[in-house]
Amino acid sequence: MMPERLTEMFMDTWAPLVILWITAFPSMYMAPMNHSHVLPSGSSRGLNELSEEQRVLNRSKRGWVWNQMFVLEEFSGPEPILVGRLHTDLDPGISKIKYILSGDGAGTIFVINDKTGDIHAMKRLDREEKAEYTLTAQAVDRDTNKPLEPPSEFIIKVQDINDNPPEFVDGPYHATVPEMSIVGTYVTKVTATDADDPVYGNSAKLVYSILEGQPYFSVEPHTAIIKTALSNMDREAKEEYTVVIQAKDMGGHMGGLSGTTTVTITLTDVNDNPPKFAQSLYHFSVLEDISIGEPIGRVKANDLDIGENAKSSYDVIEGDGVDIFEITSDSQTQEGIIRLRKPLDFETKRSYTLKVEASNVHIDPRFISVGPFKDTATVKIVIEDADEPPIFSSPTYLLEVHENAAINSVIGQVTAHDPDVSSSSIRFSIDRNTDLERQFNINTQDGRITLATPLDRETSTWHNITIVATEDRNPSQISRVPVAIKVLDVNDNAPELASGNEAYLCENGKTGKVIHTMRAIDKDDPKNGHYFVYNLPQEMVNNPNFTIEKNQGCRHPARQIPPPPPKARGNPSRFSLDWKGQPDESSSQGRGI
């Protein structure tokens with residue numbers, strides 16, 4: 001098959017060359033007569049008689065004019081290919097001239113017949129490997145090897161034939177185009193190259209066509225730009241297409257060579273689909289004791305789009321639990337998570353109905369008319385009863401008791417109840433870690449707190465204990481409440497002298513001089529402060545030498561008390577002992593009371 005195709009290609013290309021050869025042959029092989037002298041055979045004498053000037057002229061003039069020769073590439077036959085013939089008009093045909101060839105490929109690729117000047121190509125040539133050869137021809141005297149003319153340079157061009165198919169060196173290709181694009185939207189451009197001669201004939205003139213991928217895509221024949229050929233291609237229906245592009249040389253005509261490449265075209269997503277809930281009604285149940293913020297259930301609106309176009313936000317838009325529940329979006333799964341915002345109470349409300357909405361976060365204005373890009377669903381939440389711990393009637397209790405209260409007397413009461421529908425009885429107890437001295441007891445049935453040991457306000461004014469309420473039906477359900485007990489004062493302590501019990505008097509002391517000031521304290525704490533009355537002992541009431549008088553000092557306004565009886569007016573807490581006269585013999589030894 002290969003020789004036949006080469007022969008056919010040779011005939012297509014060689015025919016115009018033959019015509020060109022015939023037309024140009026006379027001018028190439030017939031040297032101008034005015035450029036050299038043709039001497040008859042045997043005229044060596046005449047030649048020797050030429051003047052030196054004539055010799056110079058003869059050598060400076062060209063006996064041939066030869067610019068280019070051509071040889072068809074890839075052509076081979078049983079004999080070497082005749083490329084062309086060198087001839088000079090100095091050759092009289094007596095074989096005195098010898099032709100010499102030098103330059104690119106001389107002697108290997110190109111061989112010259114030194115007698116006739118015929119040049120043959122000895123090898124099959126490839127224009128894509130080397131397009132032209134520069135050689136030098138010279139005619140010399142066969143006997144003396146002396147040049148008869150200056151060297152003549154010429155070029156042998158390798159004539160192109162269409163022996164190289166187009167190639168897509170960058171293929172296979174990958175491209176993307178948005179789905180739903182209009183007809184004629186640019187997708188990508190491919191490029192093929194052809195190693196044949198781009199300036200000779202149509203061997204490298206390429207035309208592109210699409211072999212596979214219709215009717216979805218098309219290709220521009222001369223630019224190889226691929227465009228969409230079908231509108232509204234839907235990524236959700238088909239995402240990837242395989243397109244086969246062909247490049248054919250010879251302008252696409254019959255007999256041209258071709259090459260193909262594959263273009264994988266992926267439709268990119270646009271937001272042309274709204275979210276859609278998988279079901280219109282969702283049911284969830286939850287215990288009433290669930291913590292705030294805990295998830296109750298998940299709903300999902302499916303979106304056929306992907307990535308950012310599939311993202312949805314969720315909201316509670318209607319229902320009797322708008323302020324009780326909230327819904328947030330899970331960025332990973334695109335689900336709506338229903339969570340609790342406020343505490344639930346089975347005994348108050350046992351079910352809620354919500355209407356939730358899912359809407360796309362990113363809207364494409366081009367497809368707004370396809371909308372709305374949102375959907376709704378109903379969510380019914382049933383509240384289940386949970387075994388709740390007892391609830392005290394007050395978060396804290398404050399009790400008061402006098403310090404002289406009798407043992408087993410009731411000082412207060414706490415109450416609690418089970419909030420569950422199937423209510424359980426309650427048992428009360430004292431957390432003994434808060435009552436290490438066991439000063440209090442509590443009735444386990446009714447919560448009455450009684451005194452177990454005597455109280456002393458002067459020792460401890462406050463007692464803080466914790467009461468525990470436990471369900472009889474489920475002892476693990478317990479509640480605690482703090483109870484503060486204040487001990488109230490009673491006057492159960494006598495005054496005590498705070499100052500020394502000895503006084504000193506000089507023997508010549510003056511009458512009326514203060515010899516000692518008395519002070520007293522009381523552990524009790526009456527509301528209006530203390531008031532003390534000072535008197536001399538009974539055995540000294542009639543003593544003529546000493547008297548005790550009230551101190552007239554100021555009192556703090558906050559501690560004012562009603563005036564005392566006439567016998568005890570003055571400062572109630574400070575009294576002075578005064579000297580009335582000279583001691584006699586019997587009392588001089590005593591220095592105090």
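A Cβ distance below 6 Å, combined with a sequence gap of six or more or placement on separate chains, defines the contacts here; from segment 423-448, residues that are assigned by the TED database to the domain that holds SER479 reach residues that are hydrophobic (A, V, I, L, M, F, W, C) and open to solvent by 70 Å² or more (accessible area, probe 1.4 Å) in the pairs ARG448/VAL410. Here the condition is being touching a Gly at 6+ places or on another chain (Cβ under 7 Å) and of a type in the set (Gly, Ala, Ser); of ALA452, ALA503, ALA494, ALA469, it holds for ALA503 alone.
Of the strands (runs of 3 or more DSSP E) entirely within segment 246-312, those holding at least 1 residues that are not assigned by the TED database to the domain that holds THR378 occupy 258-268. Among strands (runs of 3 or more DSSP E) entirely within segment 410-524, having at least 2 residues that are closer than 30 Å to ASP385 by Cα singles out 426-430, 462-471, 478-488.
Given the condition within 30 Å of VAL421 (Cα to Cα) and of a type outside the set (A, V, I, L, M), answer yes or no: does some residue in segment 253-275 qualify? No, there is no match, as no residue in segment 253-275 is within 30 Å of VAL421 (Cα to Cα) and of a type outside the set (A, V, I, L, M). Screening THR450 on (1) under 30 Å from ASN545 (Cα atoms); (2) of a type in the set (Ser, Thr, Tyr); (3) buried (at least 16 other Cβ atoms within 10 Å of the Cβ) shows it passes everything except condition (1).
When segment 345-375 is filtered for residues that are over 20 Å from GLY321 (Cα atoms) and either open to solvent by 40 Å² or more (accessible area, probe 1.4 Å) or part of a strand (DSSP E or B) (or both), the ones remaining, listed by number, are SER359, ASN360, VAL361, HIS362, ILE363, PRO365, ARG366, ILE368, SER369, VAL370, PRO372, LYS374. When restricted to residues that are open to solvent by 50 Å² or more (accessible area, probe 1.4 Å) and of a type in the set (Ser, Thr, Tyr), segment 115-133 contains 1. Screening VAL158 with (1) of a type in the set (A, V, I, L, M, F, W, C); (2) at pLDDT 95 or above; (3) open to solvent by less than 40 Å² (accessible area, probe 1.4 Å) gives one miss only, at (2).
Yes/no matrix, rows are residues, columns are (1) loosely packed, with under 15 Cβ neighbours inside 10 Å; (2) among the acidic types (Asp, Glu); (3) within 30 Å of GLU388 (Cα to Cα); (4) over 34 Å from the mean Cα position of the chain (by Cα):
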| residue | (1), (2), (3), (4) |
| --- | --- |
| SER231 | yes, no, no, yes |
| MET250 | no, no, no, yes |
| GLY259 | no, no, no, yes |
| VAL263 | no, no, no, no |
| PRO274 | no, no, no, no |
| LEU281 | yes, no, no, no |
| GLY293 | yes, no, yes, no |
| LYS300 | no, no, no, no |
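Being open to solvent by less than 50 Å² (accessible area, probe 1.4 Å) and assigned by the TED database to the domain that holds GLY336: is that true of TYR241 here? Spelling it out, it is not the case that TYR241 is open to solvent by less than 50 Å² (accessible area, probe 1.4 Å) and assigned by the TED database to the domain that holds GLY336.
For segment 317-344, residues that are exposed (fewer than 14 other Cβ atoms within 10 Å of the Cβ) and closer than 28 Å to ASP387 by Cβ total 5.
The values are calculated or read from the model by the stated rules, or taken from the named source; none is laboratory data. Computed from a prediction, not measured in an experiment: that's the story for all the values here. Because the Cβ atoms are built from the backbone with ideal geometry, glycine has one as well, and the counts that use them run over all protein chains shown. Accessible surface is based on the protein model in full, side chains and every heavy atom, while ligands, DNA and RNA are left aside. Shrake-Rupley method; radii C 1.70, N 1.55, O 1.52, S 1.80 Å.
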